[in-house]
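Novice: Starting off with a structure, shown below.
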Amino acid sequence: MDLKSNEPFWLIKNGIMHSYPSLRENISCDVLVVGGGITGSLIAHQCMEDGYKTVLIDKREIANGSSSATTSMLQYEIDTPLSELKDMIGKDGAVASYQACSDAIDKLEKICKKIRSEAGFRRKDSLYFAAFKKDIEWLTLELEARKEAGFEVQWLSAAEIRKHYGIEDTQGGILSAQGASMDAFALSHELLAYNVRKGLRVYDKTTLTDVQYGSRSHSVLLSTGAVVKAGKIIYCTGYESASMIPEHFVNLINTYAVVSEVDPEHSGQYKDLLVWNTTDPYLYMRTTDDGRFLIGGGDEQFRDPRKRNALLDKKERKLAAAFAKYLPHIPFRPDFAWAGTFGETKDGLPYIGTHKHFKGSYFVLGFGGNGITFSVTGMEMVSAWLKGKRHPLEKWFRFGR
């Protein structure tokens, strides 16, 4: 599946960071990670930390799928509001899921410091504003649900948002103290390079074609003709897992993003803020670490890459118009625009766990706007399972829930 159109900003900005060979000889390992995006890179990092002989493969070049198209907004807020999620899965599961995403931001910061990352991790506040008057009632209920759960939040009126941030045409909103952003493409490469020095083996342009399951290990057949003997397989294949798993469990959607020219005059005011709103689909905005504005949204159901790509010019104009509506005092001059294919689940939660059709394997599939933070939680979950332990979130993230 083609997961992006045009060349996303992150690919152009970073260029070729690291290159890896394809795998053309038979090898063995404790853990085989399938997928070399941000999720696979994090999972491989955890497996190496836990002392497992680990191999990672990707059918593309590293991080050239969805990880190159993500806007990398790191939020504890899940696409499903906490007040709604409590009604869907219960208070315990909803609060635990939100708390896991909050904790993941802290853990990701520690990882970035440990590997001395230059991927631009930066702490930011998160502003979730009401786009219409009708949204105020449920958004204030959401505020109370988050307060009750212990999150640091406050309500800002439309006048306060205008005064502090210069954002027009809002109806008030929730300001959260917990958020961040980074460059997921760069961090994926940094994580792998860090662990290659410690013994991780990485291969790109290497596709898994079949698996022969055994009682203690599995034979993984590759497109190159090589075979990997692996004790466990961890699939970090993101939205492409929809073509692997027989049941329907995720809706694929197209999302669009535009990055402006460098604007040091105005971007500094917003360097510590993430912005999103209550429109459906919602808009989201952030700045990049080199002083550009990024706006995304315009989501639509995925049909095929050609139709998605044909809409790019139209979506770019609409996103630029939305930016002008909310920040009319800032000239927005588009420099990069792209589309990516992502996914949404029925409850906004990821699928992390085992599947009955894949023996001796785990899936770590972080969907929606929290894919990266869910992947950090997946590190903990996989680490526990490989040690024969349970994890408290597995019942809410499992397949068939």
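Novice: Looking at segment 45-60 only, could you name the residues that are surrounded by 23 or more Cβ atoms within 10 Å (Cβ to Cβ) and out of contact with any helix residue (DSSP H, G or I) (no Cβ under 6 Å at 6 or more places or on another chain)?
Specialist: CYS47, VAL55, ILE57, ASP58 - these are the residues of segment 45-60 that are surrounded by 23 or more Cβ atoms within 10 Å (Cβ to Cβ) and out of contact with any helix residue (DSSP H, G or I) (no Cβ under 6 Å at 6 or more places or on another chain).
Novice: Is it true that THR170 is of a type in the set (Ser, Thr, Tyr) and more than 26 Å from PRO328 (Cα to Cα)? If you could, list the steps in order and put the result at the bottom.
Specialist: On the way: of a type in the set (Ser, Thr, Tyr): yes; more than 26 Å from PRO328 (Cα to Cα): no.
No; evaluated as a whole, the condition is false for this residue.
Novice: Still on this model: Give the number of residues within segment 113-127 that are crowded, with 20+ Cβ neighbours inside 10 Å and within 29 Å of PRO392 (Cα to Cα).
Specialist: Summing the residues that are crowded, with 20+ Cβ neighbours inside 10 Å and within 29 Å of PRO392 (Cα to Cα) in segment 113-127 gives 3.
Novice: Inside segment 342-383, can you point out the residues that are buried (at least 21 other Cβ atoms within 10 Å of the Cβ), part of a strand (DSSP E or B) and out of contact with any Pro (no Cβ under 8 Å at 6 or more places or on another chain)?
Specialist: Correct list: PHE342, GLY343, TYR351, ILE352, GLY353, TYR362, PHE363.
Novice: List the number of the failed condition for LYS147; all other conditions in (1) surrounded by fewer than 18 Cβ atoms within 10 Å (Cβ to Cβ); (2) not in a helix (DSSP H, G or I) hold.
Specialist: (2)
Novice: Is it the case that some residue within segment 258-277 is closer than 23 Å to LYS133 by Cβ and surrounded by fewer than 21 Cβ atoms within 10 Å (Cβ to Cβ)?
Specialist: Going through segment 258-277, the residues closer than 23 Å to LYS133 by Cβ turn out to be 275-277.
Checking the rest, the ones that are also surrounded by fewer than 21 Cβ atoms within 10 Å (Cβ to Cβ) come to none.
Within segment 258-277, not a single residue is closer than 23 Å to LYS133 by Cβ and surrounded by fewer than 21 Cβ atoms within 10 Å (Cβ to Cβ).
Novice: Just the residues that are under 16 Å from the mean Cα position of the chain (by Cα) and assigned to a strand (DSSP E or B), please, taken from segment 172-190. So that I can check it myself, show each step before the final result.
Specialist: Step one: filter segment 172-190 for residues under 16 Å from the mean Cα position of the chain (by Cα), giving 179-189.
If the condition is that a residue be under 16 Å from the mean Cα position of the chain (by Cα) and assigned to a strand (DSSP E or B), then GLY179, ALA180, SER181 are the ones that fit.
Novice: With touching a strand residue (DSSP E or B) at 6+ places or on another chain (Cβ under 7 Å) and under 30 Å from TRP338 (Cα atoms) as the only criterion, which of GLY40, GLY15, GLY65 stands out? Reasoning before the result, please.
Specialist: Numbers: GLY15 fails: touching a strand residue (DSSP E or B) at 6+ places or on another chain (Cβ under 7 Å); GLY65 fails: touching a strand residue (DSSP E or B) at 6+ places or on another chain (Cβ under 7 Å).
Every option except GLY40 fails the conditions.
Novice: State which residue is modelled with the highest pLDDT when the search covers only segment 238-266 and only residues that are of a type in the set (A, V, I, L, M, F, W, C) and not in a strand (DSSP E or B).
Specialist: To start, the set of residues in segment 238-266 that are of a type in the set (A, V, I, L, M, F, W, C) comprises 242, 244-245, 249-250, 252-253, 257-259, 262.
Among the residues that remain, those that are also not in a strand (DSSP E or B) are: 242, 244-245, 249-250, 262.
Working: ALA242: 86, MET244: 92, ILE245: 93, PHE249: 92, VAL250: 92, VAL262: 97.
Per the criteria, the residue is VAL262.
Novice: Which one of the conditions (1) over 22 Å from the mean Cα position of the chain (by Cα); (2) hydrophobic (A, V, I, L, M, F, W, C); (3) over 30 Å from ALA384 (Cβ atoms) does TRP276 fail to meet, given that it meets all the rest?
Specialist: Among (1) over 22 Å from the mean Cα position of the chain (by Cα); (2) hydrophobic (A, V, I, L, M, F, W, C); (3) over 30 Å from ALA384 (Cβ atoms), TRP276 violates only (1).
Novice: Among (1) of a type outside the set (A, V, I, L, M); (2) crowded, with 23+ Cβ neighbours inside 10 Å; (3) out of contact with any helix residue (DSSP H, G or I) (no Cβ under 7 Å at 6 or more places or on another chain), which single condition is SER67 missing?
Specialist: (3)
Novice: If a residue must be more than 22 Å from the chain's Cα centre (by Cα) and assigned to a loop (DSSP other than H, G, I, E, B), how many such residues does segment 384-399 contain?
Specialist: Within segment 384-399, residues that are more than 22 Å from the chain's Cα centre (by Cα) and assigned to a loop (DSSP other than H, G, I, E, B) number 4.
Novice: Follow-up question, since we're still on this one. Identify the residue in segment 191-211 that is in a strand (DSSP E or B) and not basic (Lys, Arg) and, among all such residues, is surrounded by the most Cβ atoms within 10 Å (Cβ to Cβ). Even if it seems obvious, please write down each step before you answer.
Specialist: Start the filter on segment 191-211 by keeping residues that are in a strand (DSSP E or B), which leaves 201-203, 208-211.
Next, only the ones that are not basic (Lys, Arg) stay: 202-203, 208-211.
Values: VAL202: 25, TYR203: 21, LEU208: 20, THR209: 11, ASP210: 9, VAL211: 19.
Ranking the candidates gives VAL202 first.
Novice: Within the set of pairs 6+ apart or on separate chains, which have a first residue in segment 32-55 that is in the same structural domain as GLY360 (by TED's automatic domain parsing), a second that is basic (Lys, Arg) and part of a loop (DSSP other than H, G, I, E, B), and C-beta atoms under 7 Å apart?
Specialist: Partner pairs satisfying both residue conditions: MET48/LYS198.
Novice: Does segment 110-117 contain any residue that is touching a residue at least 60 places away in the same chain (Cβ under 8 Å) and under 19 Å from ASN370 (Cβ atoms)? Steps first, answer last, please.
Specialist: Step one: filter segment 110-117 for residues touching a residue at least 60 places away in the same chain (Cβ under 8 Å), giving 111-112, 115, 117.
When the remaining residues are screened for being under 19 Å from ASN370 (Cβ atoms), the result is 111-112.
The answer is yes; a qualifying residue exists.
Novice: Still on this structure, I have one more. Name the residue, out of ASP135, ASP169, that is assigned to a loop (DSSP other than H, G, I, E, B) and either without any contact (Cβ under 8 Å) to a residue 12 or more places away in the chain or more than 30 Å from TRP10 (Cα to Cα) (or both). Spell out the reasoning first.
Specialist: Values: ASP135 fails: assigned to a loop (DSSP other than H, G, I, E, B).
On inspection, the qualifying residue turns out to be ASP169.
Novice: Can you pull out every residue in segment 215-237 that is among the small types (Gly, Ala, Ser), free of Cβ contacts under 8 Å to residues at least 24 places away in the same chain and not in a strand (DSSP E or B)?
Specialist: Here is the first cut: in segment 215-237, the residues among the small types (Gly, Ala, Ser) are 215, 217, 219, 223, 225-226, 230-231.
Imposing the further condition that a residue be free of Cβ contacts under 8 Å to residues at least 24 places away in the same chain reduces the set to 215, 219.
Residue satisfying the conditions is SER215 alone.
Novice: Here's a check for you: in segment 286-304, which residue that is free of Cβ contacts under 8 Å to residues at least 40 places away in the same chain and among the hydrophobic types (A, V, I, L, M, F, W, C) is farthest from ILE253 (Cα to Cα)?
Specialist: Among those residues, the one meeting the criterion is PHE293.
Novice: Among the residues of segment 167-178, how many are in contact with a helix residue (DSSP H, G or I) (Cβ under 7 Å, 6 or more places away or on another chain) and either within 14 Å of TYR270 (Cα to Cα) or small (Gly, Ala, Ser) (or both)? Explain how you work it out, then say what you get.
Specialist: Initial filter on segment 167-178 (in contact with a helix residue (DSSP H, G or I) (Cβ under 7 Å, 6 or more places away or on another chain)): 167-174, 178.
Okay, now just the ones that are also either within 14 Å of TYR270 (Cα to Cα) or small (Gly, Ala, Ser) (or both), so 167, 172-173.
Here the count works out to 3.
The values are calculated or read from the model by the stated rules, or taken from the named source; none is laboratory data. Quantities reported herein were computed from a predicted structural model and do not represent experimental measurements. Using ideal geometry, Cβ is built from the backbone for each residue, glycine included, and neighbour counts are taken over all protein chains shown.
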